[in-house]
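First comes the structure, then the notes that go with it.
The values are calculated or read from the model by the stated rules, or taken from the named source; none is laboratory data. Being a predicted model, the structure only gives us computed values, none of them experimental. For neighbour counting, all protein chains shown are included, and Cβ atoms are generated from backbone atoms with ideal geometry for every residue, glycine included. We work out accessible area using only protein heavy atoms, side chains counted, and drop any ligands, DNA or RNA first. Shrake-Rupley method; radii C 1.70, N 1.55, O 1.52, S 1.80 Å.
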Amino acid sequence: PDEIDDNTILELDPIGIICDAFSQILENLREKNKDLQSAYDKIEAILQSAPSGIVIIDTETFTIVDVNPTASEIIQLSREEIIGRNCCDFFCVESKHACPAMQNKGHVDKAERKIITANKEIKTLIKSVRPFLMHNKMMLIESFIDITEYKRMQEELVKAQRIESLSVFAGGIAHDFNNIITVILGNISLVSESIKDVNKNSYNMLKKAEWATQKAQGIAKQLLSFSKGGAPVLKTTSVIDLVRDTVSFILSGKDVVINFDIEDHIPLIEIDEGQVSQVFQNLAINALESMTKTKKLDISVKKVSALDRTKYPLIEGNYIKITFRDYGTGIPEGLIERMFEPFFTTKKHGSGLGLAIVYTIIKKHNGHIFAENHPEGGAEFKIFLPFFDKPDVRQDSVQKKHPQKNRILLMDDDEFVTDVIVAMIESLGYNCISVSNGEEAISVYQSAVDDNKPFDIVIMDMTIQGGMGGEETIRKLKEIAPQVKAILSSGYDIDNETLKELGFIGFIKKPFKIDDLKLILEQAIK
Ligand SMILES: Nc1ncnc2c1ncn2[C@@H]1O[C@H](COP(=O)(O)OP(=O)(O)OP(=O)(O)O)[C@@H](O)[C@H]1O
Ligand SMILES: [Mg+2]
């Protein structure tokens, strides 16, 4: 303007004004920079501490441009080693060059995906992806969490639930099955006893029917061994006879050469015959199924006392070692650890329960089973069963004296089962009165006591449909007569301790033959 002369200009100090303006601008820039730095720090802190893996991918080249520590931990490589690698090296391996996220315009929501880590482990992730612009380039941000452990636990849980429901199911079927077999077996043994000396031919036929029924009983036992009621009922047994009979029976007609190598002086052992026989059956069937050319099975039975403790997790003691060695395909690499798991199978129609049952049974007998491949091919299974020195003789406990007219009270809710047991008891020379539930049992027992004609023995079923069962009934009977002698009869196995705790003096497992009944009644009356 005209009124401003040179002096005025000098007074205004233009350089000073410019300097002031510059320093103001610098100050502003510094403030902005500080804001930017703090925003950057904030983002960096979030990325560094985020519990999810975060990966930034360039959509033009599909190279990884950044990762956070969680992602680098999941991938098992450092940040520097991952940056610059193609995302398909780890993610979406099978869909290389056809990015599934890009096909969906860079959007993925909580999808389950697999990842191959640097150590070639396969992990399961839950992943979300979004597109965004960075330096004018289209990028993908992928965030994910590792659910591998969670999935494994979930699978274990499902497996446990499957076993649980299967075991309840198996127990239920076996229980009904046992009642039916009790009727068949009881009737057969009654008729066969009555015609034994009259018609030898019919007697022999009935014996065959009895044998077949006992096989059916074996199947019921197989189901029970997997159910809750499958505690072993120990009996002094010759494991040699058991392994010979079972394997020969299972492999009969199968064109398999069985070589038995049995050491001398193998003692009798305390085992559940049915359950251990099932172990031998399952091993023999597996061996047969693995055979290709050489149809041969070597079975050896030996005594061992000094064990290699680094190899066998068994306590100090004496064991019988039973080895099954086949000449089949051998166990595929990496399967030895898993083959005893329930439902683990490599067979098209296998249930994968065979070895799981074997394992459970051997464990219940305080033994152990190992599997390995024989150095010269084929699989080898070694079973260790404990034994305690016992005289090598079998008990001859059948008594000769015939009991006369002792009174038996029978409680069972199944009409057919009741009929056959009453007939068996009476054919043994006892008097028998039957009732169908605990309430009736108590009232009949009370009247007998009042009439001074008490029962010598009470036989009762554990479970009574819609009525008082064995457990409650015996408690009430003991109030009437503390010295009451009661025998429990059930399709389920009961261990001796529980039996004693409940107050029973004996146990008879359904289905039973007349001889079993005779023995237990004689022992109880003694
Ligand atoms: N003698 C053997 N030789 C080679 N592999 C075996 C042998 N025994 C078992 N296996 C392997 O272990 C797996 C599990 O065996 P398991 O007996 O539990 O089930 P399965 O035989 O497959 O089915 P199932 O017994 O219910 O018919 C088999 O599928 C097989 O892969
Ligand atoms: Mg099998």
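Points to keep in mind about this one:
- Residue within the range 278-291 that is surrounded by 14 or more Cβ atoms within 10 Å (Cβ to Cβ) and modelled with pLDDT under 90 present: yes
- Residues that are outside any helix (DSSP H, G or I) and either over 20 Å from ASN178 (Cβ atoms) or open to solvent by 30 Å² or more (accessible area, probe 1.4 Å) (or both) within the range 444-466 comprise ASP451, ASN452, LYS453, PRO454, PHE455, ASP456, ILE457, VAL458, MET462, THR463, GLN465, GLY466, listed in sequence order.
- The number of residues in the range 314-349 being open to solvent by less than 30 Å² (accessible area, probe 1.4 Å) and without any contact (Cβ under 8 Å) to a residue 40 or more places away in the chain comes to 1.
- Of the residues making up the range 478-513, not one is crowded, with 21+ Cβ neighbours inside 10 Å, in contact (Cβ under 8 Å) with a residue 40 or more places away in the chain and farther than 21 Å from ILE219 by Cβ.
- Residues of the range 348-372 satisfying the condition of being in contact with a helix residue (DSSP H, G or I) (Cβ under 6 Å, 6 or more places away or on another chain) and within 11 Å of ligand 1 (Cβ to nearest atom): GLY354, ILE357, VAL358
- Residue match in the range 24-33 (condition: open to solvent by 100 Å² or more (accessible area, probe 1.4 Å), part of a helix (DSSP H, G or I), polar (S, T, N, Q) and farther than 30 Å from SER72 by Cβ): yes
- Qualifying residue in the range 231-252 (condition: within 16 Å of ligand 1 (Cβ to nearest atom), open to solvent by less than 70 Å² (accessible area, probe 1.4 Å) and either of a type outside the set (A, V, I, L, M) or not assigned by TED's automatic domain parsing to the domain that holds LYS364 (or both)): yes
- Helices (runs of 4 or more DSSP H) enclosed by the range 65-160 - at least 2 residues per element that are in contact with a strand residue (DSSP E or B) (Cβ under 7 Å, 6 or more places away or on another chain) and closer than 24 Å to ALA45 by Cα: 69-75, 79-82
- Of all the criteria given as (1) under 22 Å from THR182 (Cα atoms); (2) among the aromatic types (Phe, Trp, Tyr); (3) touching a Phe, Trp or Tyr at 6+ places or on another chain (Cβ under 9 Å), the one not satisfied by TYR492 is (3).
- Selection count where residues are within 9 Å of ligand 1 (Cβ to nearest atom) and modelled with pLDDT of 85 or more, scope the range 327-347: 9
- For the range 119-152, a residue qualifies if it is of a type in the set (A, V, I, L, M, F, W, C), modelled with pLDDT under 90 and surrounded by 11 or more Cβ atoms within 10 Å (Cβ to Cβ), and exactly one does: MET134.
- Taking the listed residues PHE507, PHE512, the one that is at pLDDT 90 or above and within 29 Å of SER189 (Cα to Cα) is PHE507, with no other qualifying.
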